[in-house]
1. Let me confirm something: among 166, 119, 156, which residue is surrounded by 12 or more Cβ atoms within 10 Å (Cβ to Cβ), at pLDDT below 90, farther than 30 Å from residue 33 by Cα and of a type in the set (Asp, Glu)?
2. Residue 111: in contact with a strand residue (DSSP E or B) (Cβ under 8 Å, 6 or more places away or on another chain), β-branched (Val, Ile, Thr) and within 26 Å of residue 20 (Cα to Cα), yes or no?
3. Within segment 63-87, track down each residue that is closer than 24 Å to residue 46 by Cα and assigned to a helix (DSSP H, G or I).
4. Cβ contacts < 7 Å: first residue surrounded by fewer than 18 Cβ atoms within 10 Å (Cβ to Cβ), restricted to segment 68-89; second residue outside any helix (DSSP H, G or I), any location; separation 6+ or different chain. Result?
5. Which residues, taken from segment 99-131, are in a helix (DSSP H, G or I) and over 19 Å from residue 172 (Cα atoms)?
6. Any idea how many residues of segment 20-36 are open to solvent by 50 Å² or more (accessible area, probe 1.4 Å) and in a helix (DSSP H, G or I)?
7. So, residue 97, is that one buried (at least 17 other Cβ atoms within 10 Å of the Cβ), modelled with pLDDT under 90 and either farther than 23 Å from residue 156 by Cα or in contact with a strand residue (DSSP E or B) (Cβ under 9 Å, 6 or more places away or on another chain) (or both) or not?
Amino acid sequence: MEETGNFGETYVMMYALETLHNRGITVKETVYESIHNLNQWYEQSGNYKYLELALLHMQAYANMGFALDEADLSVQKVLEYTGKTKDDFFPRGNSFGKRIRLNRAQVRSMIGKWKPTKEHPMTIAELVDDIIYKVKTHCEGRYVYRYQRKKAEDAEVYELVINKGECYFYDVKNFRFYTFVEE
C-alpha cells in the first residue's frame, strides 16, 4: 500500500490520535481541525510541508477505519492542491483499520482468544453482546476488556471508545482499529 508519509510517521500519528479520548477529545474533531489549520498555514505561507502534514493526518485517520468526508471544504482543498483523491487514502492490504457490521459474527471477529477470568468474568458471547449494546445505545465512555493468559506478554487488551462524535474499538496488542456500521 502506498501511503502518504512513511509507515513510521503514519503509525506515530495513529497512536497520538488514539490517545485523544483520554482528554475527552474526539479523533474526528482533531483531524478535521488540524486539516483546516494546516491548509490555512499552507495558503498563507506557500510551504508545501503543511499539506504533507495534512495528508499524513488524513492517511492516519483512514488507517484507523474512519471515512474521510469529501464534503469538508478543507479536505477538498487539500485534495485539490495535492492532486490526491479520497481513494488514495483507502487502506489496502495490511491495513490497521476496518469497518465492520454491528452483528455478533463481525464483532466476534475483532476479538482473539477469550476465556472468562476473575478480572473479566464475561464469556465471549457476553463480551460480544456487551460491545453491541454499548455501541447501539451510544453509552459514552472508555471500556477496557482484558484477557490475561499465563504470560504477561500474552495479554489481550481491547478498548471500546464511545464519545459524542465517534465510536471505535482498538485492539491494543495488534494495533488494529475497528469502526462500526450499524445494520
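1. On the way: 166 fails: farther than 30 Å from residue 33 by Cα; 119 fails: surrounded by 12 or more Cβ atoms within 10 Å (Cβ to Cβ).
Answer to the check: 156.
2. Working: in contact with a strand residue (DSSP E or B) (Cβ under 8 Å, 6 or more places away or on another chain): yes; β-branched (Val, Ile, Thr): yes; within 26 Å of residue 20 (Cα to Cα): yes.
Judged against the criteria, residue 111 is a match.
3. If the condition is that a residue be closer than 24 Å to residue 46 by Cα and assigned to a helix (DSSP H, G or I), then 73, 74, 75, 76, 77, 78, 79, 80, 81, 82, 86 are the ones that fit.
4. Final answer for the pair search is 76/70; 86/68; 86/70.
5. To start, the set of residues in segment 99-131 that are in a helix (DSSP H, G or I) comprises 104-108, 124-131.
Once the filter is applied, which keeps residues that are in a helix (DSSP H, G or I) and over 19 Å from residue 172 (Cα atoms), segment 99-131 yields 104, 105, 125, 126, 129.
6. In the first step, residues of segment 20-36 are kept if they are open to solvent by 50 Å² or more (accessible area, probe 1.4 Å); the result is 22-25, 28-29, 33, 36.
Restricting the remaining residues to those that are in a helix (DSSP H, G or I) gives 22-23, 28-29, 33, 36.
Result for segment 20-36: 6.
7. Numbers: buried (at least 17 other Cβ atoms within 10 Å of the Cβ): yes; modelled with pLDDT under 90: yes; either farther than 23 Å from residue 156 by Cα or in contact with a strand residue (DSSP E or B) (Cβ under 9 Å, 6 or more places away or on another chain) (or both): yes.
For residue 97, the condition - buried (at least 17 other Cβ atoms within 10 Å of the Cβ), modelled with pLDDT under 90 and either farther than 23 Å from residue 156 by Cα or in contact with a strand residue (DSSP E or B) (Cβ under 9 Å, 6 or more places away or on another chain) (or both) - is met.
The values are calculated or read from the model by the stated rules, or taken from the named source; none is laboratory data. Just so we're clear, the structure is a prediction, and the values are computed from it rather than from any experiment. Glycine also receives a Cβ, built like all others from the backbone with ideal geometry; neighbour counts cover every protein chain displayed. Remember, those area values only see protein heavy atoms, side chains included, never the ligands or the DNA or RNA. Shrake-Rupley method; radii C 1.70, N 1.55, O 1.52, S 1.80 Å.
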